[in-house]
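Okay, so here's the structure we're looking at.
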Amino acid sequence: MANLILILGDQLSHNLSALEGANSADDRIVMAEVHDEASYTNHHKKKLILLFSAMRHFAMELEARGWTVLYHKYDPNSPHQSLQDVLADHVRQLRPEKVITTECGEWRLHEQISKWQDSLGTTVDIRPDTRFIASKQQFRDWADGKKQLRMEFFYRQMRRQTGLLMDKNGEPVGGQWNYDADNRRRWNGKPPAPAPFRVEPDAITREVTELVERCFPGHFGSAEDFHFAVDRSGALEALDYFIEFALPCFGDYQDAMSDNEDWLFHSILSPYLNCGLLQPLEVCQAACDAWQQKLAPLNAVEGFVRQIIGWREFVRGIYWLLMPDYARENRLGNQRDLPWFYWTGDTRMRCMHRAIDGTRRNAYAHHIQRLMVTGNFALLAGITPEQICDWYLAVYADAYDWVELPNVLGMVMHADGGYLGSKPYAASGNYINRMSDHCRNCHYRVKDSTGEQACPFNALYWHFIDRHQEDFRANPRMSLILKNWQKKPDAQKSALRERAAWLLENLNSL
Ligand code: FAD
Ligand code: DLZ
């Protein structure tokens, strides 16, 4: 037999580098649902359903194209608990010339795969993942010699490289690179937000749902009402749906939050982008086409494109540049445990309850909920980066270490000392009140900072600023906030410190 080609659960793309030059008559593809990958974190049940079902659909597509797929369905009693176990068995039986794979997205698995040549006793050809716009080396070259990395400058390079939203003279269309300032409207219920795109589960998804309920009962989240697409054609329909119904308002309400809408005008495409059913350039191109046809405004299309060729590529570059040390960073010296309500949603803080409860039901929360609600709270409360990173890795359908870790450790927790973001996204309840209608349904009073019913975000915000004065002294972007704290009367400072100390002692009962 010629070669064994391993395709991982987040590599469901027909243009995968591992398939380049392969021969469907002789080569064999291996795909495996295995315990080690399904359990290295407490994956949301909907993420497991999505990946197992999408893997099975992808294997069928490969077979329809003439490939032979050696597919391993999940079996809790299987002697093969890891990808290496599965491959070792095939290597023993089939004696391939070599094993071919595309580099994986996580340091944890990358370390294992890089030892396979020795452990499997055969050549292992690990190919670059060409589904990203910037290669790891391109990002390294760009980052070389810079003390701090700024997404905006990397993004401009990506715009030039892809030609997206660029005019004939090599200038950004509309004369501006970035329309972030036009992406901050509060949403008051109008225009109505579209219902999320739905695919009714087919027989494969139903079988997988039953498997996940039976074999992973302790995993986070609800398996009920699963409606993600599980193959490429469904993911393309989800893309069309977003472009038609949500993109026109995506820009205006990108930062908005709502007490009764989970999805607003977001694309909900990250689960598909990250497992390979969609490609970053094709979704950006679809958005740019909508702008050219005057179906969506520039602030929406630029905002969307920036998230994908800007942030998504940027965080991946940082991950591979700085791992494995990056995962151990804790520059603010946080030591507090993650409150239990992150797993239950059982808190009287309305914004936290809504973000966590939506996460539990949907395996989804949009960016501002992740950044400014659950993330902001963890930052202000000084939760250990390791524990909050573990939470984010577990609870979202789109979570993979390469994208989750820089977002949480760098963007949210500022644990890398500001390498990824120039200032912490710390905010009091005032921000949440400005961007949402949560506060009017909350047990706590957003206008109060002290007293039993004062919004916990308020005193925790000032406590955060107070305890990190030294860390932020040299940061010009923090100087105004530091001054605002310093000029508060002593009595007010004491009251805020006292309230915050109580909150920090009683995090689990908020
Ligand atoms: P939209 O708002 O419609 O944005 C469009 C696309 O842009 C997304 O699908 C995504 O591919 C990309 N994107 C947007 N922001 C980012 C970003 N900061 N980093 C990388 N890509 C981005 N994204 C993940 O894909 N996986 C994660 O595990 C993840 N964890 C996060 C944790 C925290 C604390 C924060 C603040 C952000 C995280 N993000 C993560 C980024 C972002 O929140 C999600 O990509 C987005 O919410 C997915 O929903 P959407 O597809 O509707 O996105
Ligand atoms: C995330 C995941 C899960 C839950 N299960 C599997 C699996 O059973 N088999 C597999 O090949 N891949 C799975 N994955 C994706 C891998 O863990 C993924 O390749 C790494 O997270 C690297 O990005």
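Nothing in this text is a laboratory measurement; each read-out follows from the coordinates by a stated rule. Fair warning: this is a prediction, and the values are worked out from it, not measured in the lab. Every residue, glycine as well, gets a Cβ built from its backbone with ideal geometry; the counts of neighbours run over all protein chains shown.
Quick notes
- Each of the peptides 87-95, 311-319 was scored by the mean count of other Cβ atoms within 10 Å over its residues; in descending order, highest first, they stand as 311-319, 87-95.
- Modelled this way, with points 7 Å down the Cα-to-C-beta line, the labels at Gln93 and Arg108 are 2.8 nm from one another.
- If only the Cβ of Lys and Arg carry +1 and only the Cβ of Asp and Glu carry -1, the dipole of region 77-192 around its Cα centre is close to 580 debye.
- In loop segments of region 146-216 as defined by DSSP, the trypsin sites (Lys or Arg not before Pro) with at most 11 further C-beta atoms inside 10 Å of their C-beta are Lys146, Lys147, Lys168.
- Cα gyration tensor shape of region 253-358, rounded if a/c is under 1.5, else prolate or oblate by comparing a/b with b/c: oblate
- Phi angles of region 49-61 translate, via the Karplus equation with coefficients 6.51, -1.76, 1.60 and θ = phi - 60°, into HN-Hα couplings of 5, 4, 5, 5, 5, 5, 4, 5, 5, 5, 4, 5, 4 Hz per residue; Gly and Pro are given as x.
- Pairs spanning more than 21 Å between alpha-carbon atoms, out of Lys136/Lys168; Lys423/Lys483; Lys168/Lys294; Lys45/Lys73; Lys147/Lys483: Lys136/Lys168; Lys147/Lys483.
- Region 150-270, relative contact order in percent, only Cα pairs under 8 angstrom and at least six apart counted: 33
- Length gained on full extension, Gln292 to Ser422, computed as 0.36 nm times the residue gap minus the Cα-Cα distance: 43.4 nm.
- Candidate cross-link partners of Lys487 among the aspartates and glutamates, defined by an alpha-carbon separation under 17 Å and a same-chain spacing of 8 or more, comprise Asp466, Glu470.
- For region 355-369, 3J(HN,Hα) computed residue by residue from phi via the Karplus equation (6.51, -1.76, 1.60; θ = phi - 60°) reads 5, 6, 5, x, 4, 5, 6, 10, 6, 8, 8, 7, 4, 6, 5 Hz, glycine and proline entered as x.
- Order of Met323, Met60 under a 10 Å beta carbon neighbour criterion, fewest first: Met60, Met323
- Whole-number percent relative contact order across the chain, with pairs defined as alpha carbons under 8 Å at least 6 apart: 16
- Added length on full extension, which subtracts the Cα-Cα distance from 0.36 nm per residue, Lys488 to His367: 40.3 nm
- Our helix-only sum for the chain, with -39,500 (n - 2.57) per DSSP H run of n ≥ 4 divided by its residues, gives a mean residue ellipticity at 222 nm of -12000 deg cm²/dmol.
- Antiparallel bridge percentage (DSSP; both residues within the chain; nearest 5): 5
- Selection among Thr130, Leu109, Ala143 by position relative to the dipole of region 76-157 gives Ala143 as farthest towards the positive end (Cβ unit charges, Cα centre).
- Projecting the Cα atoms of Val230, Thr205, Pro217 onto the dipole axis of region 152-234, where Lys and Arg carry +1 and Asp and Glu carry -1 at the beta carbon, places Val230 farthest toward the positive end.
- Each residue of region 93-108 was assigned a 3J(HN,Hα) from its phi angle through the Karplus curve 6.51 cos²θ - 1.76 cosθ + 1.60 (θ = phi - 60°); the sequence is 6, 9, 6, x, 5, 7, 9, 10, 8, 8, 3, 8, x, 10, 4, 3 Hz, with glycine and proline shown as x.
- In a reduced charge model with +1 at each Lys and Arg Cβ and -1 at each Asp and Glu Cβ, the chain shows a dipole moment near 2000 debye about its Cα centre.
- Under 5 Å from the amide H of Leu70 lie the amide H atoms of Ile29, Val30, Met31, each residue being 5 or more positions distant or on a separate chain, with H modelled from the backbone and absent for Pro and chain starts.
- Between Asp125 and Val99, Ile100, Thr101, the built amide H atoms are under 5 Å apart, and every one of these is 5 or more places off in sequence or on another chain.
- Remark: region 423-510 carries a charge dipole of roughly 400 debye about the Cα centre, counting +1 on each Lys and Arg Cβ and -1 on each Asp and Glu Cβ.
- Sites matching GluC sites (Glu not before Pro) across region 443-510 that sit in DSSP coil, with at most 14 neighbouring C-beta atoms within 10 Å: Glu452
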